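Scroll down for the structure; my scribbles are underneath it.
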Amino acid sequence: MERGKLIVIVAPSGTGKSTLISKLMHEIPELEWSVSCTTRPIRKGEVNNVDYCFLTKEEFLQRRDNNEFIEWAQVHSNFYGTLKSFVDKGLEEGKKLLFDLDVQGCDQMRDLYGDEANIIFIEPPSYEELEKRLKLRGTDSEEVIQERLTNAKNELSRKGDFDFLVTNDEIDKAVGELKRIVSEILRA
Ligand code: ADP
Ligand code: 5GP
């Protein structure tokens, strides 16, 4: 069986990554979503074990200490990690795996998988627009928004370090661009 593919999406929080990912998965149904584990509180509209596997900090740290994660990181005061079992099995079964990781997770994927990891950075049209989107989304407190904006500055400084760069200005245009890139990766 042909080995699977690894496609990683990275973007500062609020850029529109989740919105783009759900549209992309609709356009390319063979993509398989990697459900990460996290300790952050569940947001309105999210479903446990679909959007994330929501864990307590103790549960997360226990799984980390059991070596269950292929990569993990602390982002905005919460822990996030990708399950090793999911990735190994998916690659063996020829699946087209789609990940949403922060830049630390991307660096770990690059170290582990080299060129096999296809990493796409999505940037907002501007820092001001990012702030506007985080506020308009209305899911986070002002304190959390400020933390995410500070983190965004560091993440944006890494935008040139990955395989592809897409700007999420007009949503349909960004989805079209992502679809073109992912189709190219799947054909390679
Ligand atoms: P992320 O997953 O990157 O944190 P979301 O997908 O939750 O971001 O998007 C953040 C907010 O921005 C949401 O309210 C979403 O509807 C909005 N949004 C996403 N893409 C665009 C876009 N191209 N133009 C304007 N608003 C957008
Ligand atoms: P959010 O809380 O907005 O869903 O995600 C916050 C950040 O955590 C985003 O930058 C997202 O890419 C990142 N993230 C989500 N899942 C994982 C994961 O499994 N590993 C890593 N390293 N980062 C993740």
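Observations on the structure shown:
- Residue within the range 114-126 that is within 12 Å of ligand 1 (Cβ to nearest atom), of a type in the set (A, V, I, L, M, F, W, C), out of contact with any Lys or Arg (no Cβ under 8 Å at 6 or more places or on another chain) and farther than 18 Å from Ala73 by Cα present: no
- Of all residues making up the range 81-102, the number that are in contact (Cβ under 8 Å) with a residue 24 or more places away in the chain, open to solvent by 20 Å² or more (accessible area, probe 1.4 Å) and not in a loop (DSSP other than H, G, I, E, B): 5
- Scanning the range 177-188 for residues that are out of contact with any helix residue (DSSP H, G or I) (no Cβ under 7 Å at 6 or more places or on another chain) and surrounded by 13 or more Cβ atoms within 10 Å (Cβ to Cβ) gives Glu177, Ile181, Ile185, Leu186.
- Single residue of Arg148, Arg158, Arg180 found to be modelled with pLDDT under 95 and either under 30 Å from Glu2 (Cα atoms) or among the charged types (D, E, K, R) (or both): Arg148
- Boolean, Glu30 is touching a strand residue (DSSP E or B) at 6+ places or on another chain (Cβ under 7 Å) and of a type in the set (D, E, K, R): yes
- Test: residue in the range 173-182 that is within 23 Å of Val50 (Cβ to Cβ) and assigned to a strand (DSSP E or B): no
- Selection status of Val10, within 16 Å of ligand 1 (Cβ to nearest atom) and in contact with a Gly (Cβ under 9 Å, 6 or more places away or on another chain): yes
- Annotation: Leu24 fulfils all but one of (1) within 29 Å of Glu129 (Cα to Cα); (2) modelled with pLDDT of 95 or more; (3) away from ligand 2 (no atom under 12 Å from the Cβ); (4) open to solvent by 10 Å² or more (accessible area, probe 1.4 Å); the unmet one is (4).
- Taking first residues from the range 54-74 that are within 16 Å of ligand 1 (Cβ to nearest atom) and partners that are at pLDDT 95 or above and assigned to a strand (DSSP E or B), the Cβ contacts under 7 Å between residues at least 6 apart in sequence or on separate chains come to Ala73/Tyr80.
- Within this structure, Ser36 fails the test of being open to solvent by less than 30 Å² (accessible area, probe 1.4 Å), among the hydroxyl-bearing types (Ser, Thr, Tyr) and modelled with pLDDT under 95.
- Residues that are surrounded by 13 or more Cβ atoms within 10 Å (Cβ to Cβ) and in a helix (DSSP H, G or I) within the range 136-155 comprise Arg137, Val144, Ile145, Gln146, Glu147, Arg148, Leu149, Asn151, Ala152, Glu155, listed in sequence order.
The values are calculated or read from the model by the stated rules, or taken from the named source; none is laboratory data. On a predicted model such as this, the values are computed, not experimentally measured, just so you know. Don't worry about glycine lacking a Cβ; one is built from the backbone with ideal geometry, like all the others, and counts go over all protein chains shown. Please note that ligands, DNA and RNA were not included when accessible areas were found on the heavy atoms of the full protein model with its side chains. Shrake-Rupley method; radii C 1.70, N 1.55, O 1.52, S 1.80 Å.
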